[in-house]
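Asker: First, the structure itself, so that you have it in front of you.
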Amino acid sequence: MSRIERLSPEESAISIEGNLQGLKPSQINRLEKLYQRRIPPHEIVTQEFARHLTEISREINRQIGVLVNRGGYVEYVVVGNARAIVLPDLKRTRVGAGRFRGLRCLHTHLAGEELTQDDLTDLALLRLDLMAAIEVRQDGLPGLVRAAYMLPANSRNRTDNPSPNVDGSPEQGRTIASNKLWAMLEPRVPSQLDIDFLDFMRSLEEEMARARRVRSPQDRRERAILVGVTSESPGAAQESLDELRELARSAGVVVLDTVVQHRARLDPRSLLGRGKLEELIIRSLQLGADLIIFDNNLSPGQARVINDATDLKVLDRTQLILDIFAQRARSREGKIQVELAQLKYMLPRLTGTGTEMSRLMGGIGGRGPGETKLEVDRRRVRDRIHHLEKQIQQIRTSRQVRRSRRERRDVPIVSIVGYTNSGKSTLLNTLTRSGVAAENLMFATLDPTSRRLRLPREREVIINDTVGFIRELPLDLITAFRATLEEIEDSDLLIHLVDASNPQFEGHISAVEKIITDLGLSRLPRLLVFNKSDLIDPDHARWLAESRKALAVSAIDKHSLFPLVDRVAEMVGAPRISDAQDTEDSAESAPLVRATM
Ligand SMILES: Nc1nc2c(ncn2[C@@H]2O[C@H](COP(=O)(O)OP(=O)(O)OP(=O)(O)O)[C@@H](O)[C@H]2O)c(=O)[nH]1
Ligand SMILES: [Mg+2]
């Protein structure tokens, strides 16, 4: 086994960590000798090894811990105080999603006490194979060994034990989402621990792999746990999390589980309480998650604390949205805008160098901004931002020229705005018989499309599809889409399209209104249009429209759109085509004239 060779005693560093103050050289020497002892790989601990630990432990009246690998070699020796021990931070070496570290902790408990909460936390956070406390009897000999291990998901309904060699029923562990997180072996003295440790770990890992939903090697999608921390009502939190789930789906992420924590007051430091954080880590281990996505937006400080504690890739809501934008942007300008927004969001979150940073930088599937992933430093990020801003400026100038050309044309502009997935692209397609991609995904459209729409009585307008809005969309991100914005700014009319079939449509309307106001566009005439009315009760649709001086349509049914076209013509007072200077091929692009009815 290469692992044994690599970590043979000759090669591993002989160092004792922790509380060494006041120890005699002979005692240090005996501690160092631990590195030369080997436990047969199939045993958790031998009587002899345990005795070596307990004797020194009693003598110096401090806890002693060792981390032992699966080859049976000691990798770390740590000295604590009489009641506790601080294990080294192993997180620099990352463990694959859903795997154990291949190290178990054996440490002494001077009063023969149960495993402490800290012991169990270490078991989870360090993803140890096993956490064992060896009782130190008054005479310095080893007493009972109490050992805990993490359980695979859904083991509540399990009838068999992870290892056929484990006797007795494991003690109940703490539960999350009705899943036990850990279990205990029956306490025994070392000589009676008749478990084949390697077999035990193998069956535990196999069961862990089975519990994680089967992933085919081709399936490269990342797997995430969604987390919402809220002081709001459970209902509101759930709705918000439902939207996050849609966002995650749109980003191509598989959602394994969702976790909501209610707190009267959100913890400004880590957002989540420590216990919840720990549960989250175990849960991600059980399910084989690569990534945790927060519904909340994390401050740079919170992101750092959570990142350090979990050793998992952590994204917040804004980063998830940015990630979707990064996947979807097609135009050169769109791509630059997204990279710019990503860099600006990440700049205050960059600390340190190397892996730590790459974890923060990496979006889903490692799609961090630009090519600069591993060795980025702040200065380079700033340079890149500067460079991209200059490019944007150039594109903007050339667009200005195009715009002024169009202004001369004197054709009214109508922009379709609305919450993401409300059906804007579908509406444009049906109105103009075009093939703009419309999908049941959030932020399907990022690059704006303009089409001519011929209205009754030989009139026409230019109609724009736009990027969708979403609640709590950072204004920075919208302004990043200047191209879309400029189209909206020039509009003579905004069609505010609402997905009436979405239970949250009221919230969507206010979110869109707020963004319109924030963008300083509230002066523009607006027409509220309830879409997807085919999915709701027709009477309700009619009532909705009437009560709000709005229209109810179904963008997939062109007949439902005639009243809309009439109203648009009325509101923009569109000139006759013959009045406009440039009529191009507008005769062919006349899909929605009454004659087709
Ligand atoms: N049943 C029904 N489905 C619709 C209607 N309008 C749009 N859809 C569907 O809703 C989904 C979203 O439509 P899009 O046109 O892509 O929505 P969008 O507003 O452009 O979305 P983004 O570009 O992502 O902001 C698609 O699956 C459409 O087929 C409608 O009137 N009725
Ligand atoms: Mg769209």
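The values are calculated or read from the model by the stated rules, or taken from the named source; none is laboratory data. Note that the structure is a prediction, hence the values are computed from the model and not measured. For neighbour counting, all protein chains shown are included, and Cβ atoms are generated from backbone atoms with ideal geometry for every residue, glycine included. Heavy atoms of the whole protein, side chains included, go into the accessibility calculation; ligands, DNA and RNA do not. Shrake-Rupley method; radii C 1.70, N 1.55, O 1.52, S 1.80 Å.
Asker: Mind checking whether some residue in the range 481-497 is open to solvent by 20 Å² or more (accessible area, probe 1.4 Å), under 31 Å from the mean Cα position of the chain (by Cα), at pLDDT 95 or above and under 25 Å from Val565 (Cβ atoms)?
Answerer: The answer is no; no qualifying residue exists.
Asker: From the set of residues in the range 143-161 that are out of contact with any Gly (no Cβ under 8 Å at 6 or more places or on another chain) and open to solvent by less than 10 Å² (accessible area, probe 1.4 Å), which is modelled with the lowest pLDDT?
Answerer: Ser155
Asker: Hey, another quick one. Of the numbered conditions (1) crowded, with 18+ Cβ neighbours inside 10 Å; (2) in contact with a helix residue (DSSP H, G or I) (Cβ under 6 Å, 6 or more places away or on another chain); (3) at pLDDT 60 or above, Leu347 satisfies every one except a single condition; which is it?
Answerer: Single failed check for Leu347: (1).
Asker: A further question follows. List, please: which pairs have Cβ atoms under 6 Å, are six or more places apart or on different chains, and start with a residue in the range 108-126 that is more than 24 Å from Arg283 (Cβ to Cβ) and end with one that is open to solvent by less than 40 Å² (accessible area, probe 1.4 Å) and part of a loop (DSSP other than H, G, I, E, B)?
Answerer: The qualifying pairs are Thr108/Gln63; Leu110/Ala82.
Asker: Quick check on this structure: which one of Lys558, Lys549, Lys532 is modelled with pLDDT of 95 or more and within 43 Å of the chain's Cα centre (by Cα)?
Answerer: Step by step, each of Lys558, Lys549, Lys532 is checked, and only Lys532 is modelled with pLDDT of 95 or more and within 43 Å of the chain's Cα centre (by Cα).
Asker: Hey, does the range 460-478 have a residue that's away from ligand 1 (no atom under 15 Å from the Cβ), open to solvent by 10 Å² or more (accessible area, probe 1.4 Å), in a loop (DSSP other than H, G, I, E, B) and free of Cβ contacts under 8 Å to residues at least 24 places away in the same chain?
Answerer: no
Asker: Moving on to the next point. I'm checking my understanding of the structure. Among residues of the range 498-527 that are more than 34 Å from the chain's Cα centre (by Cα) and in contact (Cβ under 8 Å) with a residue 24 or more places away in the chain, which one is surrounded by the most Cβ atoms within 10 Å (Cβ to Cβ)?
Answerer: Leu527
Asker: I would also like to ask the following. If you go through the range 444-459, how many residues are away from ligand 1 (no atom under 12 Å from the Cβ), within 42 Å of the chain's Cα centre (by Cα) and charged (D, E, K, R)?
Answerer: The number of residues fulfilling the criteria is 2.
Asker: For the range 168-183, which residues satisfy the criterion of being crowded, with 19+ Cβ neighbours inside 10 Å and either of a type in the set (Lys, Arg) or at pLDDT 90 or above (or both)?
Answerer: The one that is crowded, with 19+ Cβ neighbours inside 10 Å and either of a type in the set (Lys, Arg) or at pLDDT 90 or above (or both): Lys180.
Asker: For the range 429-441, which positions are touching a strand residue (DSSP E or B) at 6+ places or on another chain (Cβ under 6 Å) and more than 8 Å from ligand 2 (Cβ to nearest atom)?
Answerer: Passing the criteria: Leu431, Thr432, Ser434.
Asker: If the requirement is being modelled with pLDDT of 95 or more and open to solvent by 10 Å² or more (accessible area, probe 1.4 Å), which of these qualifies: Arg94, Arg62?
Answerer: Matching residue, one of Arg94, Arg62: Arg62.
Asker: With respect to Thr449, determine if the residue is near ligand 2 (Cβ under 9 Å from one of its atoms) and either more than 22 Å from Ser501 (Cβ to Cβ) or surrounded by 20 or more Cβ atoms within 10 Å (Cβ to Cβ) (or both).
Answerer: yes
Asker: Check Ser398 against each of (1) among the hydroxyl-bearing types (Ser, Thr, Tyr); (2) within 16 Å of ligand 2 (Cβ to nearest atom); (3) at pLDDT below 90 and name the one condition it does not meet.
Answerer: That leaves (2) as the condition not met.
Asker: Continuing with this model, one more query. I need a count of the residues in the range 495-521 that are outside any helix (DSSP H, G or I), more than 14 Å from ligand 1 (Cβ to nearest atom) and over 25 Å from Ile413 (Cβ atoms).
Answerer: 2
Asker: Quick one: which helices (runs of 4 or more DSSP H) lie wholly within the range 186-297 and hold at least 1 residues that are farther than 30 Å from Arg70 by Cα?
Answerer: 234-250
Asker: A follow-up question, please. Considering only the range 537-555, how many residues are open to solvent by 30 Å² or more (accessible area, probe 1.4 Å), among the hydrophobic types (A, V, I, L, M, F, W, C) and outside any helix (DSSP H, G or I)?
Answerer: Residues flagged as open to solvent by 30 Å² or more (accessible area, probe 1.4 Å), among the hydrophobic types (A, V, I, L, M, F, W, C) and outside any helix (DSSP H, G or I) within the range 537-555 amount to 1.
Asker: If Ile556 meets every condition in (1) within 16 Å of ligand 2 (Cβ to nearest atom); (2) closer than 11 Å to Ala500 by Cβ apart from one, which number is that one?
Answerer: If we test Ile556 against (1) within 16 Å of ligand 2 (Cβ to nearest atom); (2) closer than 11 Å to Ala500 by Cβ, just (2) comes out false.
Asker: Quick one: would you say Ala444 is touching a residue at least 40 places away in the same chain (Cβ under 8 Å) and near ligand 2 (Cβ under 9 Å from one of its atoms)?
Answerer: The answer is yes for Ala444.
Asker: Looking at the range 311-327, is at least one residue farther than 27 Å from His262 by Cβ, touching a Ser or Thr at 6+ places or on another chain (Cβ under 8 Å) and in contact (Cβ under 8 Å) with a residue 40 or more places away in the chain?
Answerer: Checked against the condition, which is being farther than 27 Å from His262 by Cβ, touching a Ser or Thr at 6+ places or on another chain (Cβ under 8 Å) and in contact (Cβ under 8 Å) with a residue 40 or more places away in the chain, the range 311-327 yields at least one hit.
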